[in-house]
Structure formats: structure tokens, C-alpha cells
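Read the structure below first, then the notes.
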Amino acid sequence: MDFARKRVLFVDDDEAICRVAVLSLRRAGYQVDVATSGEEALEILQRRDCCYGAMMVDMNMRGINGIETIRAVRASYPDVGCVLVSGEGRPDVASRADAPHIDACLQKPFHPGDLQRILGEL
């Protein structure tokens, strides 16, 4: 796996979830950066010239939501793998989401191993 594929941007406004995700992914050998909003994620991607292989984005955040964030990312960086993370507890999240822009969905609460599994499937 090349360097970019091992870099992940995790986007969530819940600090506890970010800590779990970062710890789990770093233990699995990923380099992880965190954004606490969709706006911050877009700024990081632009500032770092999109050096990420994947991003995992919470669906419900203040400001622009996860689906809007992923749409904006895909417009500028179509090769970034995009995972929508949702705590809504419904299996139909993907069908309500903008499926062409989303590579995978992950339901909260998730097991730390789920993060690695999903990224490995991208």
C-alpha cells in the first residue's frame, strides 16, 4: 500500500469518537489526521494538497454535514476513498445518502476493528 493510501482524515465533531478512531487506526499503521467539522476537513485537504487515501466523515455535524463534505471532496479530489459514518442507527443510511459519492458506510457505535476493515475494502 502506498503512502497516500495509509493516510486517513477522520472527520467528526465528537472528541471521544475521534480519540478511539485515531488510536485504532494508528495501531493498524495508518497516519491519521482529525478535523472537527466539514469546513475544517476541506481546509486541511486544500492546505495539504490532498495527501490522503481515504477520509471517514460523520454524517451529522454542525455546519456542512458529512454528505455535503463528501460531495465537495469528490468534486476536487475524486480519488479519495470516502466513508460516511452515521449514528442514526438505521440500515438505510446509504440509500438516503448520495451513493455515487460514497464508497462505504459505517454505523456508530463501531468496533475499532471496523475502521480497519472498511479501509481495507476501499
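The values are calculated or read from the model by the stated rules, or taken from the named source; none is laboratory data. In this text, all values refer to a predicted model and were calculated from it rather than measured experimentally. Virtual Cβ from ideal backbone geometry, glycine too; neighbours counted across all protein chains shown. Ligands, DNA and RNA are stripped out before the accessible areas are found, and what is left, the full protein with its side chains, is counted by its heavy atoms. Shrake-Rupley method; radii C 1.70, N 1.55, O 1.52, S 1.80 Å.
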accessible surface per residue for the chain, probe 1.4 Å, DNA/RNA/ligands not counted, whole Å² -> 51 Å²
Most fluctuating of D12, D79, D49 in the GNM of the chain (C-alpha, under 10 Å) is D49
With +1 at each Lys and Arg Cβ and -1 at each Asp and Glu Cβ, the charge dipole magnitude of the stretch 1-56 around its Cα centre, to the nearest 20 debye, comes out at 460 debye
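At a temperature of 10 °C and a viscosity of 1.306 mPa s, determine how fast the stretch 1-53 diffuses translationally according to Stokes-Einstein, using the Kirkwood radius over alpha-carbon pairs as Rh; express D in µm²/s, rounded to the nearest whole number. Provide the component values of the computation, followed by the final result.
Details: Rh = 11.2 Å.
Estimated diffusion coefficient is 141 µm²/s.
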At what distance in nm do the modelled label points of D13 and I64 sit from each other, each positioned 7 Å from its Cα along Cα→Cβ?
-> 1.5 nm
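What's the carbon and sulfur percent of the chain's accessible surface, probe 1.4 angstrom, rounded to a whole number? It would help to have the intermediate numbers written out before the result.
Values: 3040 of 6210 Å².
For the chain, the apolar C and S fraction of the accessible surface comes to 49 percent.
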How big is D for the chain, in µm² s⁻¹ as a whole number, if Stokes-Einstein is applied with the Kirkwood radius of its Cα pairs at 25 °C and 0.890 mPa s?
-> 176 µm²/s
Under the rule of -39500 (n - 2.57) per DSSP H run of 4 or more residues, summed and divided by the residues of the chain, what mean residue ellipticity at 222 nm is obtained, to the nearest 500 deg cm²/dmol?
-> -11500 deg cm²/dmol
Heavy-atom SASA rank of H111, H101 (probe 1.4 Å, accessible area, largest first) | H111, H101
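Under a point-charge model restricted to the Cβ atoms of Lys and Arg (+1) and Asp and Glu (-1), what is the dipole moment magnitude of the chain relative to its Cα centre, in debye to the nearest 20? Walk me through the intermediate numbers first.
On the way: 15 positive and 19 negative charges, 71 e Å.
Dipole about the Cα centre, nearest 20: 340 debye.
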